[in-house]
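Participant: Pasting a structure below so you can have a look.
Every number in this text was worked out from the coordinates using simple rules, so none of it is lab data. Bear in mind the structure is a predicted one, so any value in this text is a computation, not a measurement. With ideal geometry, Cβ positions are generated from the backbone for all residues, glycine too; neighbour counts draw on all protein chains shown.
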Amino acid sequence: MSMSEHTNPLGDKPIRVALLGCGVVGSSVARMLVESADDLRARIGAPVELVGIAVRRVGKDRSDVPVDPALFTTDAEDLVTRADIVVEVVGGIDPARGLLLKAMESGASVVTANKALLAEDGPTLYAAADAAGVDLYYEAAVAGAIPILRPMRESLAGDDVTKVLGIVNGTTNFVLDKMDTTGAGFEETVAQAQALGYAEADPTADVEGFDAAAKAALLASLAFHTRVKGADVFREGISDVTAADIAAAKAMDHVVKLLAICERTTGQNGTSGVSVRVHPAMIARTHPLASVRDAYNAVFVEASAAGQLMFYGRGAGGDPTALAVLGDLVAVARHIVAGGRGPGESAYADLPILDVGDSVTRYHISLDVEDRPGVLAQVAQAFADTGVSIETVRQHIRTNSSSGEARANLVIVTHAATEAALAATVDALAASEVVAEVVSVMRVEGA
């Protein structure tokens, strides 16, 4: 008797897979299932059978998907009850949520790339998986082909993760990278990203940080064994980042990146908790994340024993995301063959979610001020009053060509302080009689 016969309670019975969605990612998943059928069978210990693909319109031309056209169906409700594993790449909250819950109630394990659903209602899905004794895997929901969830869930299971710092949205990284390398403005660069297929016709979810915030919630939940929802994540997008901000970063030998930052920290009242935020920030060119170019993603992990780890690769696209889906499918199928299941939700720590005001960062602040004695002292006093220490000050004098009035541009970089103290400082500066305008404010991370 072979090992596969000895350990496989299914015998030669195939593992039935239902696919929800046949867009860019779904068509890649279907193609890989067909083209890699022999390898998958060898790796899993049982054949894999695609039993159906749920789509909105059956009559659409899908000749590029190498499957029997009879597999396409609009009856997703029925399809999810006929599978051992349901792969969901439709996205959105509903009807995906209802379909996955029905799949698990019917005894099917789930592999999904749906970060929005998991960030909004992950606990409900995990509870359903536990009740049904099935798996819920979602490696493809965070960073495409980059294996980050499984290493954090399994390889670092014996360690304490203290911080996760990541570039988890390829569209925004492409835009900011091109602004840095070409000097182009935001709108121009977004248009370029759309022309190349990196950005949607409506890029709001990407450029306003919603996509990254959902992914940050999943990373924080896993890293800190605490339930974090997308609504818990402080979020700022990149639509207000200007060419002047990019130039200011260059002057400091920094670059601007949209960062997802998840960390264990202590609040102002001494409470240990979790801080999760997504926002653009300057980061030194010497930091590993600064070298992440184009539409690539990277996640930088800090842990007590392992130290610093970085995971880098393609974070989006049909084939990269489909590979992550297939990796989860193989893992889940192996559990079915062996008669077990993988790790479920780990939320035992149940740490409080701290307000963004408790997070600690540095600020780069550009001010337009009068050029006269005593101005710098008054500006410095605003920082002193809120307990924020100044690291560096640069001044540039310019003269108004029409009035001949001398003005000064002050660029101040602070030492690390709480977000609340820094925000109070900016408010005080904006109200100061010697400050004509707070030109820009940007966080500085990774120092």
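Participant: Is it possible to state the helix-based mean residue ellipticity at 222 nm for the chain, with each DSSP H run of 4+ residues giving -39500 (n - 2.57), the sum divided by total residues, to the nearest 500 deg cm²/dmol? What is it? Spell out each step's value before the answer.
Facilitator: Values: 15 runs with 157 residues, N = 447.
Counting only the DSSP helices, I get -10500 deg cm²/dmol.
Participant: Ok, one more. Please state, rounded to one decimal and in Å, the Kirkwood hydrodynamic radius that the chain gives when every pair of distinct Cα atoms enters the mean of 1/r. It would help to have the intermediate numbers written out before the result.
Facilitator: Values: mean 1/r = 0.0420 Å⁻¹.
That comes to 23.8 Å for the chain.
Participant: Give me Rg over Rh for region 312-424, both radii from the alpha carbons and Rh done the Kirkwood way, two decimal places.
Facilitator: On the way: Rg = 26.4 Å, Rh = 19.7 Å.
Rounded to two decimals, Rg over Rh is 1.34.
Participant: Given the C-alpha centroids of region 226-267 and region 377-447, what is the distance between them in whole angstrom?
Facilitator: 19
Participant: Report the one residue of Val29, Ala382, Ala331 whose Cα lies farthest in the direction of the positive end of the charge dipole of the chain (charges on C-beta: Lys and Arg +1, Asp and Glu -1; origin at the Cα centre).
Facilitator: Ala331
Participant: Given Cα pairs under 8 Å that are at least 6 residues apart, what percent is the relative contact order of region 359-445?
Facilitator: On the way: 165 pairs, mean separation 42.7, N = 87.
Contact order relative to length: 49 percent.
Participant: Can you tell me what share of the DSSP beta bridges in the chain is antiparallel? A percent to the nearest 5 is fine. Provide the component values of the computation, followed by the final result.
Facilitator: Values: 57 of 81 bridges.
Bridges in the chain that DSSP calls antiparallel: roughly 70 percent.
Participant: Quick one: dipole size for the chain, taken about the Cα centre, charges +1 on Lys/Arg Cβ and -1 on Asp/Glu Cβ, in debye to the nearest 20.
Facilitator: Working: 36 positive and 58 negative charges, 138 e Å.
Once rounded to the nearest 20, the dipole reads 660 debye.
Participant: Moving to a separate point now. How would you classify region 89-198 from its alpha-carbon gyration tensor, with a ≥ b ≥ c the square roots of the eigenvalues: rounded for a/c under 1.5, else prolate if a/b is greater than b/c, otherwise oblate?
Facilitator: Values: a/c = 3.43, a/b = 1.73, b/c = 1.98.
Cα axes put region 89-198 in the oblate bin.
Participant: Which of the pairs Lys115/Lys229; Lys163/Lys250; Lys115/Lys163; Lys215/Lys257; Lys163/Lys229 have their Cα atoms more than 22 Å apart in this structure? Before the final figure, lay out each step's value.
Facilitator: Working: Lys115/Lys229 11 Å; Lys163/Lys250 26 Å; Lys115/Lys163 20 Å; Lys215/Lys257 16 Å; Lys163/Lys229 17 Å.
Result: Lys163/Lys250 exceed 22 Å.
Participant: What shape does region 1-122 take by its C-alpha gyration tensor, where a ≥ b ≥ c are the square roots of the eigenvalues and a/c under 1.5 counts as rounded, a/b above b/c as prolate, and the rest as oblate?
Facilitator: Numbers: a/c = 1.96, a/b = 1.34, b/c = 1.46.
Oblate, because a/c is 1.5 or more while a/b does not exceed b/c.
Participant: What ratio of Cα Rg to 2.2 N^0.38 Å holds for region 208-347? Don't skip to the end; give the middle numbers.
Facilitator: Numbers: Rg = 17.8 Å, N = 140, 2.2 N^0.38 = 14.4 Å.
Computed over Cα atoms of region 208-347, the ratio equals 1.23.
Participant: Is the C-alpha gyration tensor of region 267-357 telling us rounded, prolate or oblate? Criteria: a/c under 1.5 is rounded; beyond that, a/b larger than b/c is prolate, otherwise oblate.
Facilitator: oblate
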